[in-house]
Every structure is written in C-alpha cells, then in structure tokens.
1. Do the conditions hold for residue 36, that is, is it in contact with a helix residue (DSSP H, G or I) (Cβ under 6 Å, 6 or more places away or on another chain), modelled with pLDDT of 85 or more and surrounded by 14 or more Cβ atoms within 10 Å (Cβ to Cβ)?
2. Being free of Cβ contacts under 8 Å to residues at least 60 places away in the same chain and within 16 Å of residue 44 (Cβ to Cβ) is the filter; apply it to region 124-155 and report the residue that is surrounded by the most Cβ atoms within 10 Å (Cβ to Cβ).
3. State the number of residues belonging to region 111-140 that are farther than 21 Å from residue 64 by Cα and assigned to a helix (DSSP H, G or I).
C-alpha cells in the first residue's frame, strides 16, 4: 500500500491535517496490522522455530494501536476539529483542557515506541538470517513498513498536530 505524499504548511488546517493522518496512517495501520496478524497465524510460519516473543510483542502493539486509533478518531480528533471551527468551545470542554487527552496520546506513543524498539531487537532490525523461510522475509518486510509508517504517524501528531491544537486551546 503506497502512502500519498502531502505538502504540509502552517496554513494546512487542523481538519485537513487530521484527514491526512486518518487517510495516510490510520487506514494503513489497520490494513497492515490485519495482514501481519494473518501472516503470524500462518501454519507454515508457526511450525518454524519462530520467536513467540515476536508474535506476543506484535499482538500487544496491535491491541494498543487499535484502542489508540479509536480514541483519536472518536474523541480527540472530532474535538480538535470542533475547536478549530469554534475556539470558544474550549471553555466547555469535557476534558477540562485539551492538554489532558493530548498528554494521554503522547504517553501512548511512548509505549508504542517501546514496542517498536522491542520488535526491532527481536527481529535484528527486521533482517532475517540467511536461509530463513521466504515467509519470514515477507513478515519482516511488513513489520518494517508498519514501523516506518507508525514513526511518521506519531511524529506528525507529536510535532505538528498536537502543538497546533494546544496553541489553539490556549488562544481561546
């Protein structure tokens, strides 16, 4: 699945930025996590001397990301979009301040970074040993692609979306 390149500027609205994140990263993450889960469930791969730690780490990542994406899509992103349309809404926020849910998302990102680091370690930076089964090569390539996309995704939120949303929350 190819990721469209977007030209982000300071004039890119938060609504457009959220759409880019959802279309370029959330959809990719869900699709790839399902594909990787199916690869890990493959009987042929299961019979290999394959690390159960890789499977367990991926399953934790998958579980965490599924919940994380839902919280963003159903709670945080709609609130940011509403706040951009009407900054006065921050006075009536059910969060008290937009800082609280953003802090929670950033803490979840830190946990995801940790799981990705563990996956890199378990897979020797997604490099199968020579002579590995071809399905291991495919799995590691898929994990590497997911890793790269998640890093871009979290960077876009942590360095662009969240600071701008926090600034908008302070202005109201």
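The values are calculated or read from the model by the stated rules, or taken from the named source; none is laboratory data. Computed from a predicted structure; not experimentally measured. Positions of Cβ are generated from backbone atoms using ideal geometry, with glycine treated the same way; all protein chains shown enter the neighbour counts.
1. Numbers: in contact with a helix residue (DSSP H, G or I) (Cβ under 6 Å, 6 or more places away or on another chain): yes; modelled with pLDDT of 85 or more: yes; surrounded by 14 or more Cβ atoms within 10 Å (Cβ to Cβ): yes.
Criteria met by residue 36.
2. As a first pass, look at region 124-155 and keep what is free of Cβ contacts under 8 Å to residues at least 60 places away in the same chain: 124-132, 134, 137, 140-141, 144, 147-148, 151, 154-155.
Filter once more, so that each one left must be within 16 Å of residue 44 (Cβ to Cβ): 128, 131-132, 134, 137, 140.
Values: 128: 17, 131: 6, 132: 14, 134: 9, 137: 13, 140: 20.
Looking at residues that are free of Cβ contacts under 8 Å to residues at least 60 places away in the same chain and within 16 Å of residue 44 (Cβ to Cβ), I get 140.
3. 5
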